[in-house]
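Report on one structure; see the data block that follows.
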Amino acid sequence: MAYSDELAERVRELLGGRSGVTERKMFGGVAWMIEGNMACGVIGDGLLVRLGPEGAERALAQEHVGPMEFTGRRMGGFVVVEAEGVAEPAALGLWVDAGAEFAAGLPPKAT
């Protein structure tokens, strides 16, 4: 599955000032890790965001947000925000920050 280069570049710009950020290809898209923990990614034209189980459940009530499903199974703690939900820079920034903050709060992993 191809992913939106334009959205990926927007995410790169938002995460560029944070320490411990790495980028890697995952799920047919691209993902950003903070100290080895996935924070967010771009799959197709949507934004994958890691929020933890409680945060993901709350986020699912918002417009343009759905569960992350991979190989037919739902991935708990993750949501996908459709392109419409991240079209505006402020909205994208909020979602990227939420994923980054969640990942930064986890114990670092070896990369």
field: Output for region 26-64, where each listed residue is among the small types (Gly, Ala, Ser) and either free of Cβ contacts under 8 Å to residues at least 24 places away in the same chain or surrounded by 14 or more Cβ atoms within 10 Å (Cβ to Cβ) (or both)
entry: GLY29, ALA31, GLY36, ALA39, GLY41, GLY44, GLY46, GLY52, GLY55, ALA56, ALA59, ALA61
task: Output yes when any residue across region 3-18 is at pLDDT 95 or above, crowded, with 17+ Cβ neighbours inside 10 Å and closer than 13 Å to VAL79 by Cβ, and no when none is.
output: no
- request: State which residue is farthest from LEU106 (Cα to Cα) when the search covers only region 30-76 and only residues that are among the small types (Gly, Ala, Ser) and either part of a helix (DSSP H, G or I) or within 11 Å of the chain's Cα centre (by Cα) (or both).
  value: GLY46
statement: Within region 65-86, residues being crowded, with 16+ Cβ neighbours inside 10 Å and either acidic (Asp, Glu) or modelled with pLDDT of 95 or more (or both) number 8
- prompt: Looking only at region 15-29, which residues are assigned to a loop (DSSP other than H, G, I, E, B) and of a type in the set (S, T, N, Q)?
  reply: SER19
message: Looking only at region 77-111, how many residues end up being part of a loop (DSSP other than H, G, I, E, B) and either touching a residue at least 12 places away in the same chain (Cβ under 8 Å) or farther than 18 Å from ALA31 by Cβ (or both)?
response: 9
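The values are calculated or read from the model by the stated rules, or taken from the named source; none is laboratory data. In this text, all values refer to a predicted model and were calculated from it rather than measured experimentally. All Cβ positions, glycine included, derive from the backbone under ideal geometry; neighbour counts span all protein chains shown.
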